[in-house]
Amino acid sequence: MRARILLAAFAAALLIPSAFAYPPGGFWKNDSATSPIMAPYTSTDIAAFFPSTRTQFTFPSPYGTQAIRITLPSDCTSIGYPANCFQAIGSNYWQVMSNSAGSPFMYIYVGRNGSPGHNAALYKYDKDKNVMSYVKGLGNLGPGGTEEWFWSKGYPDSIYMRNASANGIIRYNAMTGTSTTVMDLTTWSGYPGNGDYITQCSYAMNDSVVACVDETSGTPFVANGCLAYNMRTDQWYWFPNSLVKHPPIHKCQPSALGRYLYINDQATSTPYDSMIADLDEDGRIYDVSAIDGAQGHTAMGYGWGVINDADAVGYTGNKVYDLGDPLGVNSNKWLFVSPWSADPGAPAHPMWSNTQPLSERPLSWQYICDSTDRDYSATQFLNWSVVVFCSPFQNGDPISQHKSLIVAPTMSNDISTGGCGAGTYANLAWANIDYTGHYIALTTNLDSTDNCQEILIKIPVGQFAHPPPDVTPPEASIIAPLAASTLSGTETFSGHAWDNEGVSSCQWEIDGTDIKSGVTTSPYAITYNTAALASGPHSVTLVCSDAAGNASANASGDAQVLVIK
């Protein structure tokens, strides 16, 4: 086994001034504090600040965080669906937002229910211009609507999903509408599972391993075991129910690089049983359920895992595990804690799609976010049950020093009818964090008519001692010269530029050669004597950069012109 040290992030260093224009808002709160009590918002409260259009809004004090509305009822009625047709965003191992690192655009899918069937909606968020727009419907793809869909990190235009027969996995390109089969159970000779379909599918972030539960339909349905498949090596793995103490297996989830697999059971009256399998060691199993209480939802990173512990004595919260040494001294450490007795609605849904390899970003510089994943009543609206929050990775002791960043209110209620579907489970505060760690997509059912809607929250990352890097390039477009125009003599060039954290400077190029750099004032105007150019067609490009060194893609600033003398 390998032992690694979990670096400490001291609470005193969590809040530092920011040199960039990070989103505002957020405040720090001691994890174990029972006050101040964060009261839930009512529909009337929300109506005072929640917009009726796809525009930005700010949560009232003490949050001060910005968000933008994603969905509108007209996105449903325009295709003949009822106005309240949206599905909840879903579990923490679904991925509803595309990998927008290196791009000014992020895509978001949202499920829609109606007749004749599911028709997912695709949205586009322009991070530089702060504009949300509806793109198109994706059609009725796969079983269960958008259940378990997962935007690929390595194929940012594509979504992993079960095929129509629920016996395989496809990678669907949301831009072109084409798909590629990446897993097909019918090719596994001697497959030990005997179920009717696969479900609870989750994916490694490096596009290597997919893991699903084999299930037999019925009332109730029966899970038969967990299967895993390496899409790169064409290797299969099978984990039967006999591996867990309280069968059947409920879920299995791979780590970011696909080496480790987290497995838990579906116990109801007994605590969850949790195992970690090492696929590089032919599935060697480590039992982590007996350390201190039981584990539930998990978020798997690069060699580390965050597992919710709902049954520890005196507390509930999230623990961090060294997946290479799950029983070692650096595992079973509290990352977020909440007094169980004082907060029965405590969150249990860690989100860590923003995980990064330790070689690129130390663990002590990273953070997970969470929202409530428990049924609750009005008498249980305390502290962590009504907020979205983010926890920096901190060493486990003492618990009294743990602090988390309160990001936004959840704006959800476990109503049994209406909202995001039948039953209270569909109406919890489901949320997803994007790959860059800058945004959280959140389900709310507390608009004025208890409709299920989705919003995009801007995490106030400037509050962290080590904010995630800015990975969004500026956008640039040319005002003059116009495309296909004819130039002669001295001409004036000008353009527009946008960036989510501010444009630092722009430069003008002709045919890929710099003619003027260091232009910092909008509209980035220069004069240029075209006499230096040969007669004929030329390409004029405006390239703009931000303080992080991201540069606009040339294609957004090209103008093909004809120079004459």
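Between residue 238 and residue 155, residue separation times 0.36 nm minus the direct Cα-Cα distance comes to 27.2 nm. Extension gain, residue 564 to residue 516, is 15.2 nm, computed as 0.36 nm per intervening residue step minus the present C-alpha separation. For residue 565, the lysines whose Cα falls under 28 Å of its own Cα, not counting residues fewer than eight places away in the same chain, are 516. A simple spin-label model places pseudo-atoms 7 Å from Cα toward Cβ; at residue 133 and residue 74 they are separated by 1.5 nm.
Gain on full extension, evaluated as 0.36 nm per residue between residue 217 and residue 187 minus their Cα-Cα distance, stands at 8.6 nm. Whole-Hz Karplus values for segment 60-65 come out as x, 4, x, 6, x, 8 Hz, taken residue by residue from phi with 6.51 cos²θ - 1.76 cosθ + 1.60 and θ = phi - 60°; glycine and proline positions read x. Pairs over the 21 Å Cα-Cα cut-off, from the set 127/319; 29/129; 136/251; 29/458; 29/319; 127/458: 127/319; 29/129; 136/251. Indicate the gyration tensor shape class of segment 470-557 (rounded, prolate or oblate), computed on the Cα atoms with a ≥ b ≥ c the square roots of the eigenvalues: a/c under 1.5 is rounded; otherwise a/b larger than b/c is prolate and the rest oblate. The shape class here is prolate. Near residue 452, the amide H atoms lying under 5 Å from its own belong to 86, 419; only residues 5 or more places off or on other chains count, and H is placed 1.01 Å from N.
Put simply, when 464-470, 558-564 are sorted by average Cβ atoms within 10 angstrom per residue, most first, you get 464-470, 558-564.
Derived scalar couplings between HN and Hα for segment 168-175 equal x, 10, 10, 10, 9, 7, 6, 8 Hz in order, rounded to whole Hz, by the Karplus curve 6.51 cos²θ - 1.76 cosθ + 1.60 (θ = phi - 60°), x for Gly and Pro. Note on residue 479/residue 360: beta-carbon distance plugged into 1/(1 + (r/R0)^6) with R0 of 51 Å gives a FRET efficiency of 0.85. Note down the relative contact order for segment 475-563 as a percent, whole number, built from C-alpha pairs under 8 angstrom at least six residues apart. So the answer I get is 39 percent.
The distance between label points at residue 465 and residue 27 comes to 2.3 nm (points 7 Å beyond Cα on the Cα→Cβ vector).
Each reported figure results from applying straightforward, stated rules to the coordinates on display, with no laboratory input. Quick caveat: nothing in here was measured; it's all calculated off a predicted structure. No Cβ is skipped: glycine too gets one built from the backbone with ideal geometry, and neighbour counts run over all protein chains shown.
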